Amino acid sequence: MNNVIIQNIVRWFVLVFFQVLIFKRIELNGGIFHYLQIILYPLFIILLPLRISSFLVMALAFVTGVVVDIFYDSIGVHAAALVFLAFIRPVVLSVLEPREGYNVNYSPTKKKLGMLWFMQYAGILIGAFLFFYFSVEAFTFVYIGDILLKTVLSFLVTMSFIAMYMLIFDPEQ
């Protein structure tokens, strides 16, 4: 149990560090690159163990979102989107539940459930997160074209970074 807690604390620091100190600094100006953002920190919520209560997951999402908001000088945009991701996480888990069910002692990782299952799971959550994030950021559907373009392009880049993260770090818990 303590190993899982320590592993998740380290994962939180690594993902937030990369997000606010590296990915925030990457500015791709000009043309279609203006619509790309690398957003990796939601992976912390995605990889939390299954046995954690939904309330605790949403509280951790809120705290993580507020920390990212502080560094991005945004007012609650990251927190709102990450709490939304935490809110829909149980629904996505129930939709993708294997026939034999989940072992609640595991985290939903590629090592425990397979890379295809994990990429479907992460893809649904990241897609919903990004659409919600860019919608809240624009705060109007007048820019629905820009919202969808940002969502799709950022989704492709973010999912490739998530796949690389999962292949490099290969979390076991």
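The table below gives the values:
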{"quantity": "Pairs where the first residue, in region 118-144, is under 13 Å from Leu40 (Cα atoms) and the second is among the aromatic types (Phe, Trp, Tyr) and modelled with pLDDT of 95 or more, C-beta under 6 Å, 6+ apart", "calculated": "Gly127/Phe155; Leu130/Phe155"}
{"quantity": "Some residue of region 21-31 being in contact with a Pro (Cβ under 7 Å, 6 or more places away or on another chain), more than 19 Å from Lys111 (Cβ to Cβ) and not β-branched (Val, Ile, Thr)", "calculated": "no"}
{"quantity": "Sole exception among (1) under 25 Å from Leu156 (Cα atoms); (2) among the small types (Gly, Ala, Ser); (3) surrounded by fewer than 16 Cβ atoms within 10 Å (Cβ to Cβ) for Ala79, by number", "calculated": "(3)"}
{"quantity": "Of the criteria (1) hydrophobic (A, V, I, L, M, F, W, C); (2) closer than 18 Å to Ile9 by Cα; (3) touching a residue at least 60 places away in the same chain (Cβ under 8 Å), which one Ile39 fails", "calculated": "(2)"}
{"quantity": "Filter result for Gly65 (among the small types (Gly, Ala, Ser) and surrounded by fewer than 20 Cβ atoms within 10 Å (Cβ to Cβ))", "calculated": "no"}
{"quantity": "Considering residues of region 1-40 that are within 21 Å of Ile52 (Cα to Cα), among the hydrophobic types (A, V, I, L, M, F, W, C) and exposed (fewer than 14 other Cβ atoms within 10 Å of the Cβ) only, the residue modelled with the lowest pLDDT", "calculated": "Met1"}
{"quantity": "Positions within region 82-123 being touching a Ser or Thr at 6+ places or on another chain (Cβ under 9 Å) and surrounded by fewer than 16 Cβ atoms within 10 Å (Cβ to Cβ), in sequence order", "calculated": "Phe87, Pro90"}
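The values are calculated or read from the model by the stated rules, or taken from the named source; none is laboratory data. Remember, predicted model here, so these are calculated numbers, not experimental data. Note that we place each Cβ from the backbone using ideal geometry, even for glycine, and neighbour counts take in every protein chain shown.
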